[in-house]
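A short worksheet on the structure shown next.
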Amino acid sequence: MDEQNGNQRVDKPERSTFVTVVAWIFIIFSGFGVVIGALQNIALWFLFPRAEVTRALEQANENGEISEFHSLLFGSFELLFLVLFLIVVAVLFTSIGLLRRRNWARITFIGLMALGMMWNVGGLAFMYLFVDPMMPPAMEGVPPEFAAMQNLVVWTNLLLALVFLILFGWIIKKLMSPAIKREFV
């Protein structure tokens, strides 16, 4: 009871170090990501020779040098980088909201972590659909030593995806815990 004006005082839950550290880590990394993404998008949308790329893609399609999947991917580069930039901007704003203990930010951050998990699984599928056909030994006339490099790339990507799946899953679990939820009420 507050003796000066007779009101009951409601104590705020103690702020956890976990939320503060996670928020700051994502603020820092996504802040860098926003700067890099902005520069990438400026370069792609205003400096990239789009007409030349379109002609090269059309010629490669006519000659059967690339698949429809690859043509679609290369033809949509600007949109892909724009979507990635918007996701990084969302992570930055959500991380700031998480630091300020806003419940919408906690819920949105959980969704972004789930999206990150799906992104990592999709990245592994993408690696096999897109990168694997372009790597040795699928290409003729390439030295066999490149097979070791291909294995290193594949295993490194698998390991990184597993680490991020575990990390993002752990962050989701912690943010959904009752103790953490109380900070955001």
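Quick notes
- Scoring 159-168, 86-95, 113-122 by mean Cβ neighbours within 10 Å over their residues and listing the highest first yields 86-95, 113-122, 159-168.
- In sequence order, calculated HN-Hα J values of segment 148-155 (Karplus, 6.51, -1.76, 1.60; Hz; x Gly/Pro): 5, 5, 4, 4, 4, 4, 4, 5
- Take each peptide in 57-63, 96-102, count the other Cβ atoms within 10 Å of every residue, and average; sorted highest first, the result is 96-102, 57-63.
- Between F48 and A148, the contour length at 0.36 nm per residue exceeds the Cα-Cα span by 32.6 nm.
- Model label sites at N41 and I166, defined 7 Å from Cα along the beta-carbon direction, differ in position by 3.5 nm.
Each reported figure results from applying straightforward, stated rules to the coordinates on display, with no laboratory input. In this text the structure is predicted, and so the values were computed from the model without any measurement. Virtual Cβ from ideal backbone geometry, glycine too; neighbours counted across all protein chains shown.
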